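What follows is a set of notes on a single structure, which appears directly below.
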Amino acid sequence: MNRKTLTIFFVLSLFLAALTSCATKEDPIHDLEALVEIVDKRGDNFTDEDWTKVAEQTGAIFDKMKKYDYTPEEQKQIGKLSLKLQLLTYQKMGYKTLSDALNRAAGALEEASDMLDTALSDYSDTLDMDSEEDDEE
């Protein structure tokens, strides 16, 4: 390659690097927006493994954000997205946990009811037997 071609290549590389670095500042914000959308749309069906991945992705996004200085407006946007993600996470995880807890409680109550019915039936049978014995005497 001649000197002119190398110079053009070098200047073009610097331009692309500068262009990429400007866009990179916005990338973590867009990643956070995408994560919020995913949790909002699919969070009801997440497994524990999925929630672990969400936590890891959130940490990675905030690690990327530490590399940049954001304007007050951008910080406000990041704060809103972060809060929305936290609220959605609690809502989606809480719904699953509450649903599971209610199902388990209903099962436990049904078992307790069955045991109580059996105990009352046995007690009633015992009373009937005592009553019959008293009648025979």
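Filtering S121, S113, S131 for residues that are among the small types (G, A, S), modelled with pLDDT under 70 and open to solvent by less than 90 Å² (accessible area, probe 1.4 Å) leaves a single hit, S131. Taking residues in segment 30-51 that are within 14 Å of L87 (Cβ to Cβ), and partners anywhere that are open to solvent by 70 Å² or more (accessible area, probe 1.4 Å), the pairs with Cβ atoms closer than 7 Å and at least 6 places apart or on different chains are L35/Q57; V36/K84. For the structure I just gave you, tell me whether L35 is modelled with pLDDT of 95 or more and surrounded by 10 or more Cβ atoms within 10 Å (Cβ to Cβ). Against the criterion (modelled with pLDDT of 95 or more and surrounded by 10 or more Cβ atoms within 10 Å (Cβ to Cβ)), L35 qualifies. Applying a threshold of 9 Å to beta carbon distances and a minimum spacing of six or more residues, or different chains, the list of pairs starting in segment 59-87 at a residue that is in contact (Cβ under 8 Å) with a residue 12 or more places away in the chain and ending at one that is surrounded by 13 or more Cβ atoms within 10 Å (Cβ to Cβ) and small (G, A, S) reads F62/S82. Scanning segment 43-99 for residues that are over 24 Å from D27 (Cβ atoms), part of a helix (DSSP H, G or I) and polar (S, T, N, Q) turns up N45, Q91, T97, S99.
The values are calculated or read from the model by the stated rules, or taken from the named source; none is laboratory data. Small disclaimer: the values here were computed from a predicted structure and weren't measured. Methodologically, a virtual Cβ is constructed for each residue, glycine included, from the backbone with ideal geometry; neighbour enumeration extends over all protein chains shown. Ligands, DNA and RNA are stripped out before the accessible areas are found, and what is left, the full protein with its side chains, is counted by its heavy atoms. Shrake-Rupley method; radii C 1.70, N 1.55, O 1.52, S 1.80 Å.
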